[in-house]
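Colleague: Got a structure for you, written out below as structure tokens; questions coming shortly.
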Amino acid sequence: MAYIRPLANGNFRADVRLKGITKNKTFSTEKLAQTWADSIERNIKAIPLMSSAQLLEITEADIESMGGEELFKQLGIDLFAIRHCAKLEAINALSKKELLQLTPQEIERMGGADLFIKAGKRIRYKTFREVCDEYLSRWGKKDYKGQMQRVDYWCQFFGDRIMTDIDIFDLREHVDDMIDAGDRATTINRKKAVLSSVYKFALSRGYVDENLVRSVVVDDDTKRRDRVLSDQERQRLIKACQVSHWDKLYLLVLMAMTTGARKGELMSLRWNDINFKDGTAFLGDTKNGTSRELYLALVVIAELKCHQEIGTGLIFPSLELPEQPMDFRAAWRNALKAANISDKDVLNTDGSVKLERFTFHCLRHGFCSALSDAGKEINQIAKLAGHKSIQTTMRYIHQGRDQKRQIVNELAQAFNL
């Protein structure tokens, strides 16, 4: 039954109630309202009488003109199921395990991810970027912004790929490209660790069957590097830093040499972190997620006082952007050059390494080695360096031949040999 009634604003409302279905719509004229109501009444009577062949032939425009897909559903007709009957039968015949093992190509051949979703079936259709977004949304550790940037590096290459469509050959090829571009093993492994973390998350959520990243091995040369400055080299470097065009390079290198702090830890220090009375610096955000104190030598305190400021500003700020740390790479390279210390491996004629390159991080290595050579206990070194495990400290400890020879001689004497 159709009802047409005028509204206060001059329009007309059409109400259709038939076979338990209620439809209504507002029109500008009574004639338009009546025409629509009559059409809806006819369609409510006609749609249930349509054959499957007729339902398959009608277009989206036909469906809309007949009252929309909702009207068909109200009349008990599932157009979606009718149109995809054969494909839905094939999908419904799959077990849960088979559904999760489908490749992106097989999903597409069977009707696409949307068909599986509408059928209420769980498949692995997420793109790498979608998995990364979910991974980051659950990131509960420090440095969210930094991790987001590191994850985005991989999204540039795999972002739009279906997660399960990425294979070990894709990962190996990209790693090979990084090696060919001259990236160091440590740099590659650092980036690879982020990718592995994403895959570990994806594995825990059932999006992949294995962490492929673990199978892509890159030889890491960090454990073989134990470059420590000689006394002469150390003095040359200190003098070069004292005359650097950046007036705080000497202070930075002095702190690195005597505290063993990481570059990032030192560059994040602020003036209110320094306790001049106690001779300490507070590190509230370290690499391993714990806070610790740095104990400052008198020479460091004296140099800090030469630059001392009041407030919460960075001790080593950028000259252009004071809230960002200074980019001191050019000053560091110039100081190494002036001190005749190579920042590249010095090779023998056969290509083997004669003298390893010296990096800023080697100052931390020298700190640990010097403490070891001075006879300090390994647990003391680990505490001062901020290492969580003794195994990490062992990587940094370097003893020269003289120290090793002395230890052996002392042992022989203890045995009365």
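Colleague: Quickly run through the range 325-350 and pick out the residues that are polar (S, T, N, Q), modelled with pLDDT of 90 or more and surrounded by fewer than 15 Cβ atoms within 10 Å (Cβ to Cβ).
Modeller: First, pick out the residues of the range 325-350 that are polar (S, T, N, Q): 334, 340, 342, 348-349.
Restricting the remaining residues to those that are modelled with pLDDT of 90 or more gives 334, 340.
Scanning the range 325-350 gives a single hit, Asn340.
Colleague: A further question on this structure: Could you check the range 253-279 and list, in sequence order, the residues that are under 13 Å from Arg364 (Cβ atoms) and either hydroxyl-bearing (Ser, Thr, Tyr) or in a loop (DSSP other than H, G, I, E, B) (or both)? Steps first, answer last, please.
Modeller: At the first step, the residues of the range 253-279 found to be under 13 Å from Arg364 (Cβ atoms) are 253, 255-266.
Correct list: Thr258, Thr259, Gly260, Ala261, Arg262.
Colleague: Just one of the numbered conditions (1) touching a Lys or Arg at 6+ places or on another chain (Cβ under 8 Å); (2) at pLDDT below 85; (3) aliphatic (A, V, I, L, M) is not true of Ala185; which one?
Modeller: (1)
Colleague: Okay, moving on. So which helices (runs of 4 or more DSSP H) stay within the range 46-147 end to end and still have 3 or more residues that are modelled with pLDDT of 80 or more and within 30 Å of Ala14 (Cβ to Cβ)? Write out each step before concluding.
Modeller: On the way: elements: 52-57, 60-65, 69-74, 79-83, 85-92, 96-100, 104-109, 113-118, 128-137.
The helices (runs of 4 or more DSSP H) meeting that bar are 60-65, 69-74.
Colleague: A further question on this structure: Take Glu320 and decide whether it is at pLDDT below 90, assigned by TED's automatic domain parsing to the domain that holds Lys248 and part of a loop (DSSP other than H, G, I, E, B).
Modeller: Numbers: at pLDDT below 90: yes; assigned by TED's automatic domain parsing to the domain that holds Lys248: yes; part of a loop (DSSP other than H, G, I, E, B): yes.
Taking the combined requirement at face value, the residue satisfies it.
Colleague: Residue under question is Ile179, and the condition is that it be more than 23 Å from Glu210 (Cβ to Cβ), of a type in the set (Val, Ile, Thr) and in the same structural domain as Tyr207 (by TED's automatic domain parsing); does it hold?
Modeller: Working: more than 23 Å from Glu210 (Cβ to Cβ): yes; of a type in the set (Val, Ile, Thr): yes; in the same structural domain as Tyr207 (by TED's automatic domain parsing): yes.
In short, yes.
Colleague: OK, next. Suppose we filter the range 213-235 for residues that are part of a helix (DSSP H, G or I), at pLDDT 80 or above and over 20 Å from Gln147 (Cα atoms); how many remain?
Modeller: Of the residues in that region, 6 qualify.
Colleague: Also: Considering only residues that are buried (at least 21 other Cβ atoms within 10 Å of the Cβ) and under 27 Å from the mean Cα position of the chain (by Cα), look in the range 248-270 and name the one that is nearest to Asp231 (Cα to Cα).
Modeller: The extreme case among them is Ala261.
The values are calculated or read from the model by the stated rules, or taken from the named source; none is laboratory data. Since this is a predicted model, take the numbers as computed values, not measurements. Methodologically, a virtual Cβ is constructed for each residue, glycine included, from the backbone with ideal geometry; neighbour enumeration extends over all protein chains shown.
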